[in-house]
1. Where does the charge balance sit around Tyr79 when Lys and Arg score +1, Asp and Glu -1, over other residues with C-beta under 12 Å from its C-beta?
2. To the nearest 0.05, what FRET efficiency results for Ile128 and Ser88 with a Förster distance of 30 Å applied to their C-beta separation?
3. Relative contact order for the stretch 119-177: what is it in percent, counting Cα pairs under 8 Å that are at least 6 residues apart?
4. Quote the FRET efficiency, to the nearest 0.05, computed for Gln143 versus Phe170 with a Förster distance R0 of 25 Å and r equal to the Cβ-Cβ distance.
Amino acid sequence: MERPGIVHQKQRSSLDQQAMQLTVPREGIWLRLAFTLEGTVRRSSFAKQMLSSQHFSAVRTRWTLADVTFLRTALERLYTTHGHIRMSALAADCGLSLRQFERRFKQCIGVSPKKFACLLRFEALLRILIHEPASSLADVASQLGYQDQAHIIHEFKIWMGCTPTVFLGFVKQRKQRGPLVPNPHHAYVPIYIV
């Protein structure tokens, strides 16, 4: 005789496949994901087409507990390596084959894991250029795993819509005007919050 409300091992996998309302924390890796998506969409019209908030929100409502666990593992590894990781190693860390990993990541986030890794590597590049604008592009390229400066210029045109030289000009102008002082009464919440 089965007791109501008890989930048996055989039923557990079918429950993971069903879409359930999940409470995903709005901190840690999930907040970093939200800011990554938001910042990327604000910088580039190409990214705006690729990472529409409506698509992300619709997909997010179908996440299962297994999806959240999978994404936490994948995103933590991607963020700690700044996107500089082999997809086969990342898939192995998540306990999936490469093809299963790529398919599941794209279903959950809306972009391929390789494209997301490129985005994270580009964000690391931006941080370095903002905080150390005098560093050479060749040194930064080798540090972050880019092949050469041409690769960086190509990534800049995709993710920023401008060249590194133009971006560094904006950084220089911004530094001359002084640091941004955020309004302490306004808490910014990205539209991609999970």
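1. Neighbour charge sum, excluding Tyr79 itself: +2.
2. 0.65
3. Relative contact order for the stretch 119-177 comes out at 31 percent.
4. 0.70
We did not get these values from a lab; they are worked out from the coordinates using the rules stated. Fair warning: this is a prediction, and the values are worked out from it, not measured in the lab. Here the Cβ is made from the backbone with ideal geometry for all residues, glycine too, and neighbour counts use every protein chain on show.
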